[in-house]
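Worksheet: the structure to be examined is printed underneath.
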Amino acid sequence: MAEVLVVVEHSGGAAKKITSELLTAARALGEPSAVVFGAAGDADKLKDTLGEYGAQKIYAAESADVTDYLVAPRAEVLAGLVKQASPAAVLLASTTDGKEIAGRLAVKIESGFLTGVTELAADGTATQVVFAGAVIVKSKVTKGTPILTIATNAVTAEPAAATPSVEAVEVSVSDAAKKAKVADRVSEKKSSRPELTEASIVVSGGRGVGSAENFALIEGLADSLGAAVGASRAAVDSDFYPHQFQVGQTGKTVSPNLYVAVGISGAIQHRAGMQTSKTIVAINKDEEAPIFELADFGVVGDLFKVVPQATEAINAR
Ligand code: FAD
């Protein structure tokens, strides 16, 4: 069976949720081999989780040459691995880093690449949502080794037990790839809520929420559901909530099992970031709001009445 390289997303040896989704997607095309970029010992820490989702092999690229620089060294090491392993495809997460590595790798190995893939068929046909969500496209890479970045929460992770072997990768990176070194890493304020793009439930507030103080209502509903909090651009531009939580064309793309849009009209640029959510609930006082065209369930009402009632009812369960 053909080998499929999967670039592991992790934080200090703890796998992110997208990694199990990538391994599941890879199994449609062949046997996944996980590529771990990190510090010494990270691959060992990841071994059990990667095996649980079907990784047959782990390539451990553990070196300061990949952790201390921006993405160029990782693209270079991957290009070497592609030459060595001749995989059927390379899969990465559709994150900022993942997309940049994919682009750089595509140039190096002269292959086609597709980003933001939401579905991957066994013959390599990839589904993408494009033009701010107005069009769904099915495409296939026709040149070289297909490089695909997979959208978070698009694939349902399914376990498939394997016992991966670990192969150390000799990391030798050119000076050209080491032109941008990481000077400092500052963590975003730690929140007890799930990460927005990985959460299975997201509660987002829009301009209708009215103020930064009122966002406590959105946070209260989110906490009752164990959800992440998101915001529309209008809410962010009005300083109701920080930009890192913006959902939409110029914000983050989310695809949770449940998306609750509160006081959000449903502009196309907002839809672009949330319309692949599995179930959409809208709370809006305007029954003509476009968000209701997209919503599976809608409540026409004043959010200042509906949200506290919903939060109380959920907390009471
Ligand atoms: P509004 O459109 O003002 O809607 C507010 C809603 O709240 C209304 O439907 C109203 O009925 C409802 N409401 C008001 N009071 C209450 C109440 N008490 N109870 C219940 N409902 C109430 N937008 C994004 O979100 N994300 C993006 O990434 C993004 N990128 C953009 C990129 C470009 C290039 C451009 C041009 C625009 C972009 N936008 C983006 C902006 C987008 O076009 C909309 O302006 C924005 O999404 C509107 O946000 P909103 O729905 O919160 O506000």
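For the stretch 189-317, what is Rg from Cα atoms divided by 2.2 N^0.38 Å, rounded to two decimals?
The value comes to 0.92.
Multiplying the sequence separation of residue 134 and residue 302 by 0.36 nm and subtracting their Cα-Cα distance, what value in nm do you get?
Length gained between residue 134 and residue 302: 57.5 nm.
What percent do you get for the relative contact order of the stretch 133-270 when only Cα pairs under 8 Å and 6+ apart count?
Computed value for the stretch 133-270: 26 percent relative contact order.
Between residue 119 and residues 5 or more places away or on another chain, which pairs have amide H atoms under 5 Å apart, with H built 1.01 Å from N, and which residues are they?
It is 127, by chain and number.
Taking a 22 Å limit on the Cα-Cα distance, which of the listed pairs 57/278; 252/278; 17/140; 45/178; 99/181 fall beyond it?
Violating the 22 Å limit, Cα to Cα: 57/278; 17/140; 45/178.
Could you sort 233, 271 by accessible area so the largest value comes first, with the probe set to 1.4 Å?
Descending order: 233, 271.
For n ≥ 4 DSSP H runs only, could you compute -39500 (n - 2.57) per run for the chain, divide by its residues and tell me the 222 nm figure to the nearest 500?
Using -39500 (n - 2.57) per qualifying helix, the result is -8000 deg cm²/dmol.
I need to check one value: relative contact order of the stretch 56-116, counting alpha carbon pairs closer than 8 Å and at least 6 residues apart, in percent.
That works out to 32 percent.
With the radius of gyration and the Kirkwood radius both derived from the Cα set of the stretch 68-168, what is their ratio Rg to Rh?
0.98
Amide H to amide H under 5 Å from residue 167: which residues, 5+ apart in sequence or cross-chain, H placed 1.01 Å off N in plane?
58, 59, 60
Can you give the net charge of the other residues whose Cβ lies under 13 Å from the Cβ of residue 118, counting K and R as +1 and D and E as -1?
Local charge sum for residue 118: 0.
Could you compute the net charge surrounding residue 153? Neighbours are other residues with a C-beta less than 9 Å from the C-beta of residue 153; K and R count +1, D and E count -1.
0
Relative contact order of the chain, please, whole-number percent, based on alpha carbon pairs below 8 angstrom and at least 6 residues apart.
Reported as a whole number, the value is 15 percent.
Calculate the spin-label point distance for residue 68 paired with residue 143, positioning each point 7 Å from the Cα along the beta-carbon direction, and give it in nanometres.
Placing both labels 7 Å along Cα→Cβ, they lie 3.6 nm apart.
Can you run phi through the Karplus equation (6.51, -1.76, 1.60; θ = phi - 60°) for the stretch 224-240 and list ³J(HN,Hα) in whole Hz, with x for Gly and Pro?
So the Karplus estimates, Gly and Pro as x, are 5, 9, x, 9, 8, 9, x, 8, 7, 5, 4, 5, 5, 5, 8, 6, 6 Hz.
Taking all pairs of distinct Cα atoms, average 1/r, flip it, and tell me the Kirkwood hydrodynamic radius of the stretch 34-85 in Å to one decimal place.
11.6 Å
Quick check: pseudo-label points 7 Å beyond the Cα along Cα→Cβ at residue 187 and residue 174, how many nm apart are they?
For the pair residue 187/residue 174, the computed spacing is 3.7 nm.
Can you work out the Karplus-derived ³J(HN,Hα) for every residue in the stretch 307-315? Use 6.51 cos²θ - 1.76 cosθ + 1.60 with θ = phi - 60°, whole Hz, and x for glycine or proline.
Listing the rounded values in order: 5, x, 5, 5, 4, 4, 5, 5, 5 Hz.
Using only C-alpha atoms and all pairs of different ones, pull out the Kirkwood radius for the chain in Å with one decimal.
20.6 Å
The values are calculated or read from the model by the stated rules, or taken from the named source; none is laboratory data. Note that the coordinates shown come from a computational prediction; the quantities given were computed from them, not determined experimentally. Using ideal geometry, Cβ is built from the backbone for each residue, glycine included, and neighbour counts are taken over all protein chains shown. To get the accessible areas, we keep the full protein, side chains included, count just its heavy atoms, and leave off ligands, DNA and RNA. Shrake-Rupley method; radii C 1.70, N 1.55, O 1.52, S 1.80 Å.
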